[in-house]
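A quick write-up on the structure given underneath.
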Amino acid sequence: MYSDDDLNAAVTAGVLTPDAAAALRSFVASQRATPAVDEEHFRLLTGFNDIFVAIAATLILLAMGWLGGAANGIGGIAVAVTSWGLAEYFTRRRRMALPSIILLIGFIAGVSIAVTGFIHPVDLFMRNATALHDGRGVLLALPAAAGAIGACLHWWRFRVPITVAAGAVAVTGLITSLSYALLPSMASAARPILLACGLAVFALAMGWDMSDRTRVTRRSDVAFWLHLSAAPMIVHPIFGMLGLLGHGETDIDKAATAVAIYLALALVALMIDRRALLVSALIYVLYAISALLRAAGSLSASFALTALIIGSALLLLSAFWHRARRAVVEPLPAGMKNRLPAI
């Protein structure tokens with residue numbers, strides 16, 4: 001049996017043309033009554049050896065961090081250097097997906113930890129400074145900046161699809177930290193800032209998606225991880241500003257608004273053919289519908305009924321995803337439709 005990754009490798013090697021690979025995917029999908037583009041493939045495992053290597057690499061990185069000691073930055077350097085060295089073989093030569101993700105995270109975390117360890121003495125000094133808030137805010141931005149630079153270097157060398165998303169998350173942390181440092185009054189605007197960053201990452205994801213509408217290249221994998229990163233940055237601030245993150249009871253109006261927002265997110269997810277938005281907002285809509293059922297008098301079984309309703313709806317949506325996409329996408333203007341994944 002040939003995997004989707006085998007087809008991508010054949011296209012990269014020139015054994016198959018992209019059109020031939022797309023035709024083969026479409027044929028197999030037609031046998032299953034689902035278009036290949038709607039399956040939202042991404043590479044994670046090629047076999048159990050990926051899990052075996054990932055566990056071993058994780059143990060080695062933890063050991064290097066422990067032996068080096070993260071407090072003074074040496075441990076972070078050890079983790080970063082070890083991650084890069086292992087990636088030269090397992091990522092660049094073997095192209096193992098899960099170990100590559102672990103090693104990428106290890107490298108970026110190691111770089112950020114190293115910077116944090118080296119600025120710690122300066123941080124202790126700054127605690128007694130008069131400009132405490134501003135100075136420490138800038139210092140907090142340094143690890144995020146280091147992580148973003150590390151992601152750029154890792155992408156330049158290894159081209160692991162998740163790297164772009166990791167860099168985007170690091171840049172988001174950098175922007176958030178700098179906003180606290182340079183504009184202390186912006187602390188109350190944390191959620192709008194995070195929402196703006198999420199929308200920017202979402203736009204970047206759509207750019208990668210539109211460059212591969214049939215999802216036959218690694219650009220689709222890059223877009224997948226970007227969408228997965230953007231979704232919580234969009235969903236969490238929206239529902240937070242709605243008041244669903246605090247303690248206490250949620251009134252009916254807020255709960256109904258949350259359900260309406262989830263339905264709007266479902267339409268967006270269908271249009272762009274990505275499910276990350278639905279997954280990221282799931283906990284909020286579960287809470288909202290549970291609140292509605294409690295308001296209707298179903299106290300004891302509210303959560304169970306909510307789980308049954310949402311679970312059944314998501315299963316039905318998955319089973320009829322292509323038909324639902326067609327119903328949503330076909331009425332759209334031709335210019336917009338030509339930028340979305342094919343139906």
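Brief remarks on what is shown
- Exclusive hit being part of a helix (DSSP H, G or I), crowded, with 18+ Cβ neighbours inside 10 Å and not basic (Lys, Arg), set Leu305, Leu314, Leu270: Leu270
- Against the numbered list (1) surrounded by 15 or more Cβ atoms within 10 Å (Cβ to Cβ); (2) at pLDDT below 80; (3) of a type in the set (A, V, I, L, M), Leu299 comes up short only at (1).
- Test: residue in the stretch 189-209 that is surrounded by fewer than 19 Cβ atoms within 10 Å (Cβ to Cβ) and acidic (Asp, Glu): no
- Residue check, Val201 in a helix (DSSP H, G or I), farther than 30 Å from Leu16 by Cβ, out of contact with any His (no Cβ under 7 Å at 6 or more places or on another chain) and touching a residue at least 40 places away in the same chain (Cβ under 8 Å): no
- Screening Ser177 on (1) among the small types (Gly, Ala, Ser); (2) over 30 Å from Thr12 (Cβ atoms); (3) without any contact (Cβ under 8 Å) to a residue 12 or more places away in the chain shows it passes everything except condition (3).
- The stretch 220-232: number of residues that are surrounded by fewer than 24 Cβ atoms within 10 Å (Cβ to Cβ) and of a type in the set (A, V, I, L, M): 1
- Some residue of the stretch 87-99 being among the acidic types (Asp, Glu), crowded, with 19+ Cβ neighbours inside 10 Å and modelled with pLDDT of 85 or more: no
- Verdict on Ala22 being part of a helix (DSSP H, G or I), exposed (fewer than 13 other Cβ atoms within 10 Å of the Cβ) and modelled with pLDDT under 90: no
- Selection within the stretch 120-150 - over 29 Å from the mean Cα position of the chain (by Cα) and either modelled with pLDDT of 90 or more or part of a helix (DSSP H, G or I) (or both): His120, Pro121, Val122, Asp123, Leu124, Phe125, Met126, Leu132, His133, Asp134, Gly135
- Of residues in the stretch 279-291 being crowded, with 21+ Cβ neighbours inside 10 Å, part of a helix (DSSP H, G or I) and not hydroxyl-bearing (Ser, Thr, Tyr), the one modelled with the lowest pLDDT: Ala291
- Residue list for the stretch 99-120, filter: more than 17 Å from Leu62 (Cα to Cα) and hydrophobic (A, V, I, L, M, F, W, C): Val115, Phe118, Ile119
The values are calculated or read from the model by the stated rules, or taken from the named source; none is laboratory data. Note that the structure is predicted; figures quoted are calculated from it, not measured. Cβ coordinates were reconstructed from backbone atoms using ideal geometry, including for glycine residues, and neighbour counts include every protein chain displayed.
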